[in-house]
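Notes follow once the structure below has been shown.
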Amino acid sequence: MKVLVIGSGAREHALIMALLADDEVEGVICAPGNAGIAGVVETHQVDPLDPEAIGELAAKLSVDLVVIGPEVPLVAGAADAVRDRGIACFGPSAAAAQLEGSKAFAKQVMAEAGVLTAIAHVCSTIDEVVTAIDQFGAPYVVKDDGLAAGKGVVVTNDRAEALAHAQFCLARAADAQVVIEEYLDGPEVSLFGITDGTTIVPLQPAQDFKRVRDGDEGPNTGGMGAYSPLPWAPENLVADVTKRVLQPVVDVMRRRDTPFIGLLYAGLALTSRGTRVIEFNARFGDPETQVVLARLASPLGRALMAASTGRLADLPPLAWHPHAAVTVVVAAANYPENPRTGDAITGIAAADAVAGVQVLHAGTALNAQGELVSAGGRVLSVTATGDTLAGARQSAYAAIDLITLEGSHHRTDIALDASAPA
């Protein structure tokens, strides 16, 4: 099969590398891609916000399958445009992608599906926000109802900060809403499920790190690192979440006549009262995808095609490598506030040569002189595998030490606690 991957980040780079390892995949193309992706597959320019342009490109290239990485094209209807042209697509319709596009909509679906989640109030005025946050008390959880690239959530003990973020969210549009939730304690887990709208096949869980600095300090980001497996997680976590969360949501979406086809991502909190859903995403997470796919032994292309064509029930059980994987994100100077771009990046080849390491590009480009430079906030995902989390962690950080990017920063504590001796 010939596959077109839509996107330009490290998630898409990871998807491409996994697809290239599938002997049933004859070719992979990416649009728009980045400098690292362009080094391994053919790339084309496309506007991710233009569903028709994506559909036209897929038809022009005569691909068999389109895999849409980011959430913005999905919410805009890119999957619909591809399917309208008779091409298989891994990604939900615009209607189904509202599971990520609107947190208020996701709460409605969870209520209908009987899925346990945080108690929440959907507010459209600042007076409603004040009432809600005073009802819940600190820590305050304030979420933009719409897409915010992983940075629309504020969790704080500072009431003024919570109100300021709510005001910012409400000012985005005349009909803007903000979601105020009760705080969920306990560690967070990301669990992905591949679904054809009826059947759902879970992947392995991962944990990501949203805060920009060590010790979970600083503002939220798109994600600063991740690891898998989770040695501390309950043994039955995947089976339990599949039964109680993923499958019921898939069933509700099908009954609503908006079947969810693609990747259903459940962000979970393992609270003192049991597992609760924090939110849903409608696509592969970044950087969790990097570690999950590094552990996948089954052919990815076959799984995504089966989901896209309603044949997931016929897919053999997925096989997984026993090794561990750790991803550490190298971010540009001033990320996440105002990332600096155009800085030279060196040492990639040396880092890639470290045993078990794969350097995946996110915000990279070539300048007029043909030099690799930073072109976004999250620049690289340095992903390493090893027999243990400690070994994978050691390799990832050894590789990072070989990379030079002026002003860059990264967390030094990814998977640190999980890899410590019991």
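Computed from the coordinates by the stated procedures, all read-outs in this text should not be read as laboratory data. No experiment lies behind these values; they were computed from the predicted model shown. Glycine also receives a Cβ, built like all others from the backbone with ideal geometry; neighbour counts cover every protein chain displayed.
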message: Counting pairwise Cα distances across the stretch 324-419, what percent come out greater than 19 angstrom?
response: 38 percent
message: Highest mean first, how do 100-106, 212-218, 111-117 rank when packing is the count of other Cβ atoms within 10 Å averaged over residues?
response: 100-106, 111-117, 212-218
query: For Glu128, Glu52, Glu406, what ranking results if the residue with the fewest other Cβ atoms within 10 Å of its Cβ goes first?
result: Glu406, Glu52, Glu128
- request: For the stretch 206-246, state which chymotrypsin sites (Phe, Trp or Tyr not before Pro) are in a DSSP loop and have at most 12 other beta carbons lying within 10 Å of their beta carbon.
  value: Trp232
- request: Could you sort 268-278, 303-313 so that the peptide with the highest average Cβ count within 10 Å comes first and the rest follow in order?
  value: 303-313, 268-278
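What number, in nm² with one decimal, is the all-direction average of the projected area of the convex hull of the alpha-carbon atoms of the chain?
Mean projected area for the chain: 19.5 nm², to one decimal.
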task: Could you work out how far apart the two model spin labels at Thr125 and Ala176 are, taking each label as a point 7 Å from the Cα in the direction of the beta carbon, and quote it in nm?
output: 1.8 nm
query: For the chain, what is the relative contact order in percent, using Cα pairs closer than 8 Å and at least 6 residues apart in sequence?
result: 16 percent
- prompt: When DSSP beta bridges are limited to those with both residues in the chain, what percentage is antiparallel, rounded to the nearest 5?
  reply: 80 percent
- prompt: Looking at this model, which pairs from Lys107/Lys210; Lys107/Lys143; Lys143/Lys243 are more than 18 angstrom apart at the alpha-carbon?
  reply: Lys107/Lys210; Lys143/Lys243
query: Can you give me the relative contact order of the stretch 119-181 as a percent, contacts being Cα pairs under 8 Å and 6 or more apart?
result: 49 percent
- request: Using Cα centres only, tell me the gap between the stretch 163-228 and the stretch 1-58 in whole Å.
  value: 25 Å
query: By counting other Cβ atoms within 10 Å of each Cβ, how are Cys30, Cys169 ranked from fewest to most?
result: Cys169, Cys30
message: In whole Hz and in residue order, list the ³J(HN,Hα) couplings for the stretch 70-75 that follow from phi through the Karplus curve 6.51 cos²θ - 1.76 cosθ + 1.60, θ = phi - 60°; x for Gly and Pro.
response: x, 6, 4, x, 5, 5
field: Per-pair calculated FRET efficiency, R0 = 25 Å: Asn367 and Glu26 via Cβ, rounded to 0.05
entry: 0.15
- line: Mean-square fluctuation maximum in Gaussian network of the chain, Cα pairs under 10 Å, restricted to Pro187, Pro205, Pro48, hits Pro187
statement: Short to long, in 5 Å steps from zero, the percent of alpha-carbon pairs of the stretch 185-314 per bin is 2, 10, 19, 23, 20, 14, 7, 3, 1, 0
task: With a point put 7 Å past each Cα toward its Cβ, work out how far Ala319 is from Gln135 in nm, to one decimal.
output: 5.2 nm
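Give me the number: length gained by fully extending Asn334 to Asn236, i.e. 0.36 nm times residue separation minus the C-alpha to C-alpha distance, one decimal in nm. Mind dumping the intermediate values first?
Numbers: separation 98, 0.36 × 98 = 35.28 nm, distance 4.06 nm.
Value of the extension gain: 31.2 nm.
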